[in-house]
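Notes for the one structure printed next.
The values are calculated or read from the model by the stated rules, or taken from the named source; none is laboratory data. All figures in this text were calculated on a predicted structure; none of them were measured in a lab. Cβ sites come from the backbone with ideal geometry, for glycine too, and all protein chains shown count toward neighbours. Ligands, DNA and RNA are stripped out before the accessible areas are found, and what is left, the full protein with its side chains, is counted by its heavy atoms. Shrake-Rupley method; radii C 1.70, N 1.55, O 1.52, S 1.80 Å.
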Amino acid sequence: MYLEIITPDQKVFGGDATSATFPGIDGSFQVLNNHSPLIGVLQAGPIVVQPATGAAVTYRVDGGVVEVLNNNVVVLAESLLA
């Protein structure tokens, strides 16, 4: 799947990933290849991305939304946390 993580200031991540775990407002959830379509609201917390190649990467966000559609995942994050 192709994953993009975007803040108002920058594109934080863009590339192929095998999985991503998100901090949903009702609990964390994971998206894998060929996931069914969804739109979710994120709370502050970690997004863990497993790129198609390489080690997992963690980004901490201050909330946002995620859309999953046709193996494309777009995260619109409010901001990154240090």
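Taking the stretch 1-25 as the range and being of a type in the set (Asp, Glu), modelled with pLDDT of 95 or more and farther than 12 Å from Val68 by Cα as the test, only Asp16 passes. Of Val61, Val74, all but one fail to be assigned to a strand (DSSP E or B), surrounded by fewer than 17 Cβ atoms within 10 Å (Cβ to Cβ) and aliphatic (A, V, I, L, M); the exception is Val74. Looking only at the stretch 20-34, decide whether some residue is part of a strand (DSSP E or B) and either touching a helix residue (DSSP H, G or I) at 6+ places or on another chain (Cβ under 8 Å) or of a type in the set (Lys, Arg) (or both). No, the conditions are met nowhere in the stretch 20-34. Would you tally the residues in the stretch 38-53 being without any contact (Cβ under 8 Å) to a residue 24 or more places away in the chain and open to solvent by less than 50 Å² (accessible area, probe 1.4 Å)? The number of residues fulfilling the criteria is 1. Scanning the stretch 4-19 turns up one or more residues that are assigned to a strand (DSSP E or B), open to solvent by less than 40 Å² (accessible area, probe 1.4 Å) and of a type in the set (Ser, Thr, Tyr).
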